[in-house]
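Coordinate-derived values only; no laboratory data. Everything numeric in this text was worked out from a predicted model, so none of it was measured. Heads up, the Cβs are rebuilt from the backbone with ideal geometry, glycines too, and the neighbour counts pull from every protein chain shown.
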Amino acid sequence: MVIQVSEDCIIKPISNTYLGHEMSFTYPSKALIASFTQTNIMTGYTITDNYKSVMFHSPSIYKLNIKKKITFDVIIHIIYCLSLQLDYLIKNYNKCFIGYSDKNILVIDDNKFIYIPNEEDIYDITPNNNKMTITFPFNLSDFYQSPETLSIKTIPSNIHYKSVYFSLGCLIIDCFKNLDNNQDNNQDNNQTDNYEELLDTLIIQNSKLYYFLKRCLNKEPEKRTVLYI
């Protein structure tokens, strides 16, 4: 079965080989591939075609569906994998995602979560001001919005790279709220205030997860952190 992970990435089976699957990109993806291979989120792989292809073995591959109920332990592991991947990308390549979409999360072996965005959704971080210059137009439904991305009126625009932390926090809230039968699952990912309000209604008050999300959703982008303690 062929899986369309993003507009720029597909996964297809390979017959007669132990590796079993090929992840193909439309562009050389060294930084993105390193973010999930060098962190050991994906293991047992072979990179080919000048970083446009990764061959790997897995008995189970699918895209995450957050509309289905996800257990607390799985949500914590999603945080671990996505945070590890993002941290590696920032620290080693000075790159960052513009935001997270639930449609671009690949699940391998049921317990490894990898974010695979489109090429234009990965931006360089300017070292002297920690900002990304957004050069591609986007739809508000493309990913979970932050106050910074919602404020963009013209292209190009500069926003703090920690805008992505807010987006990650919104994604995790959407994963968690499906555990609570009293929550409305039709949250508008353009309404950032709603996510901040929603956090305070979830049954995780004063927990590590609650404070992790509070740090992600800080109104001041430079003060946001991705830290689960």
Per the rule of 0.36 nm per residue minus the C-alpha distance, extending TYR51 to GLN4 adds in nm 15.1 nm
The summed charge of the MET23 Cβ neighbourhood (under 12 Å; Lys/Arg +1, Asp/Glu -1) stands at -1
Any helix of the chain counts here only if DSSP assigns it H throughout, its Cα atoms span 24 Å or more along the axis, and its mean Kyte-Doolittle hydropathy is at least 0.0, and such helices are 72-93
Share (percent) of C-alpha pair distances in segment 19-120 greater than 15 Å works out to 62
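Given DSSP loops and a limit of at most 13 other Cβ atoms within 10 Å, what is the longest stretch of the chain that contains no such trypsin sites (Lys or Arg not before Pro)?
Values: sites that count: LYS67, LYS68, LYS69, LYS153, LYS219.
Value returned for the longest uninterrupted segment is 70-152.
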The exposure ranking of ASP121, ASP87, fewest beta-carbon neighbours within 10 Å first, is ASP87, ASP121
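Looking at the calculated P(r) for segment 1-75, what percent of the C-alpha pair distances fall above 20 Å? Walk me through the numbers on the way to the answer.
Numbers: 971 of 2775 pairs.
It works out to 35 percent of all Cα pairs.
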The base-10 log of I(q)/I(0) that the Debye equation returns for the chain at q = 0.08, 0.12, 0.13, 0.14 Å⁻¹, one scatterer per C-alpha, is -0.28, -0.65, -0.76, -0.89
